[in-house]
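Contents: one structure, followed by commentary.
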Ligand code: DON
């Protein structure tokens, strides 16, 4: 069954602007005052005065803080952090992947840079189907075909050229040093090398040579990881700019690697790659403005859509962790993820009904269908399949500088260490972002997400993403800068940061640490972290939710800015090794 009634609603909204739905109506708001943290709070944010960086890796955070101290702005610091993470957090930090940057200038301008990977020219709709016509996830995740043309280097170069103040080469210096001289491996990297590295890196000699010792065991906590080839590639970019990656020696390495092993990325694909500046998605919520990533991310649209639905309820009165609040949020999430599967794709290829999806009127019509006492089964909306979940292997970082500029970046190789393939002698791990396309309508990708035509593979198209770098604005000034990894769970994780901060009055550390839950329509499961009351979960079951307790979801790295400019930050305790720091 299709989402006929809802699809029609949306179509009708597009045409009529939903005359009958009435105007926006915010809930009777018992929204509490904002909290920046008081002594009585259980969890406390990091507090600083001038500048702050929140990232998943302490070494990278320190790189960013140094740049800020030396007078670089938030874009400079973000780019330096991004390059450093490509060295110290190879699970997700990258040169061979892609992502998104959201930027709010102190002057109040908000913009985004889309450096998502693009399908190579040789890509085709059915390239991941086997002879029986079934999607083969090995091809889309671990083969040379898994990689889209990387965007990170172009994205960072564009960001610095348009909004930075320091030369790109200067911002590469710390990363070059970390790669050339090595750094001491922390628990998080050691664990991921042991668990995932073996699966994806060991079978590729160039990858094995970097991350594994001569005896075939991965580097361990406390040992030094030196990446000479990666240092050379970074040095080339410092000397020649992004051209080194897209036209020069690194392009040669990538194209040769692909040609030798049945991959598609050619030198022409690399030369043709462009990072693009796009207008952010925006919305309002209880008097706040929210900016987030537009398509090819689905994140911004669906965060705004869900918040618009939630505005019709009094979440604050229901209370954090109450069965009522979780029920409303889970139901709203189902509607959003159903729309995602139908309407979202690369805006350069498909017309995304952006205005309708983010309209208050459409949200109100959905809100009216939510029954607090009885969950609507996902099967009554559209049939689906179960799919496995992966761990948090994208990465987000947030930066705020002394002038009040705010930057949120989420970028990734997709799953842990991407395809596991290092391109020739470049030291650069390649992404497996092609799995984010819909390989076959209705067949779930690694995050259990389904899609159709809008997200089908086409040459030069960008796969649909959930990455949602987000900035909430209060009275015209950046207030909350946040984002997360987590595949499909990114959208709901960022949503909960916003709701916890606004509706439940939590300080940024409490909002981060609070247990999370997630519903993505298909599979029909309400996934919850440990920490919710068993009584609440029983109540939710009795209201028709299929509750499943899951491992940690997401890893937010957030900064909240008080009206007096004081910075409050929090790294997610779900990621050991993460650090928020400033000066
Ligand atoms: O763009 C996306 O939505 C995914 N490739 C993000 C992957 C991710 O968050 C991995 N962590 N679980």
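The values are calculated or read from the model by the stated rules, or taken from the named source; none is laboratory data. The shown structure was predicted, so the numbers you read here are calculated from the model rather than taken from an experiment. Note: ideal-geometry Cβ built from the backbone for every residue, glycine included; neighbour counts use all protein chains shown.
Select from region 53-76 the residues that are in contact with a helix residue (DSSP H, G or I) (Cβ under 8 Å, 6 or more places away or on another chain) and more than 19 Å from residue 183 (Cβ to Cβ) and list them in ascending order.
54, 68, 72, 73, 74, 75, 76
Please verify whether residue 68 is away from the ligand (no atom under 16 Å from the Cβ), touching a strand residue (DSSP E or B) at 6+ places or on another chain (Cβ under 9 Å) and closer than 19 Å to residue 277 by Cα, treating the condition exactly as stated.
no
Limited to region 416-437, what total is found for residues that are more than 30 Å from residue 69 (Cβ to Cβ) and out of contact with any strand residue (DSSP E or B) (no Cβ under 9 Å at 6 or more places or on another chain)?
Number of matching residues: 8.
If residue 457 passes every condition in (1) more than 29 Å from residue 282 (Cβ to Cβ); (2) away from the ligand (no atom under 14 Å from the Cβ); (3) modelled with pLDDT under 95 but one, which one does it miss?
(3)
Just name the residue that is surrounded by the most Cβ atoms within 10 Å (Cβ to Cβ) out of those in region 81-102 that are more than 15 Å from the ligand (Cβ to nearest atom) and more than 15 Å from the chain's Cα centre (by Cα).
81
Say whether the condition of being free of Cβ contacts under 8 Å to residues at least 60 places away in the same chain and touching a helix residue (DSSP H, G or I) at 6+ places or on another chain (Cβ under 8 Å) is met by at least one residue in region 257-268.
Taking every residue of region 257-268 in turn, at least one turns out to be free of Cβ contacts under 8 Å to residues at least 60 places away in the same chain and touching a helix residue (DSSP H, G or I) at 6+ places or on another chain (Cβ under 8 Å).
Quick one: what pairs do we get from region 421-434, first residue within 27 Å of residue 346 (Cβ to Cβ), second assigned to a strand (DSSP E or B), C-beta under 6 Å, 6+ apart or different chains?
429/422
Return the only residue of 469, 523, 515, 485 being more than 23 Å from residue 97 (Cβ to Cβ) and either modelled with pLDDT under 95 or within 12 Å of the ligand (Cβ to nearest atom) (or both).
Residue meeting the stated conditions: 523.
Quickly run through region 24-46 and pick out the residues that are modelled with pLDDT of 90 or more and surrounded by fewer than 16 Cβ atoms within 10 Å (Cβ to Cβ).
Result: 32, 33, 41, 42, 44.
Hey, among the residues in region 287-346 that are within 16 Å of the ligand (Cβ to nearest atom) and within 19 Å of residue 514 (Cα to Cα), which one's surrounded by the most Cβ atoms within 10 Å (Cβ to Cβ)?
In this case the residue turns out to be 303.
Within region 450-471, how many residues turn out to be in contact with a helix residue (DSSP H, G or I) (Cβ under 8 Å, 6 or more places away or on another chain) and surrounded by fewer than 24 Cβ atoms within 10 Å (Cβ to Cβ)?
Here the count works out to 4.
Anything in region 429-448 that is buried (at least 24 other Cβ atoms within 10 Å of the Cβ), within 11 Å of the ligand (Cβ to nearest atom) and part of a loop (DSSP other than H, G, I, E, B)? List them, or say none.
431, 432, 437, 445
Results for (1) touching a residue at least 40 places away in the same chain (Cβ under 8 Å); (2) on the phi < 0 side of the Ramachandran plot; (3) part of a strand (DSSP E or B), shown as yes or no for each residue.
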residue	(1), (2), (3)
463	yes, yes, no
480	yes, yes, yes
493	yes, yes, no
498	yes, yes, no
501	yes, yes, no
504	yes, yes, no
520	yes, yes, no
523	yes, yes, no
531	no, no, no
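Looking at residue 184, is it within 19 Å of residue 425 (Cα to Cα) and in contact (Cβ under 8 Å) with a residue 12 or more places away in the chain?
no
Quick one: in region 407-428, which of the residues that are under 26 Å from residue 160 (Cα atoms) and away from the ligand (no atom under 14 Å from the Cβ) is surrounded by the fewest Cβ atoms within 10 Å (Cβ to Cβ)?
Checked region 407-428; the qualifying residue surrounded by the fewest Cβ atoms within 10 Å (Cβ to Cβ) is 426.
Checking the structure you have, find out if any residue of region 189-204 is more than 26 Å from the chain's Cα centre (by Cα) and surrounded by fewer than 19 Cβ atoms within 10 Å (Cβ to Cβ).
yes
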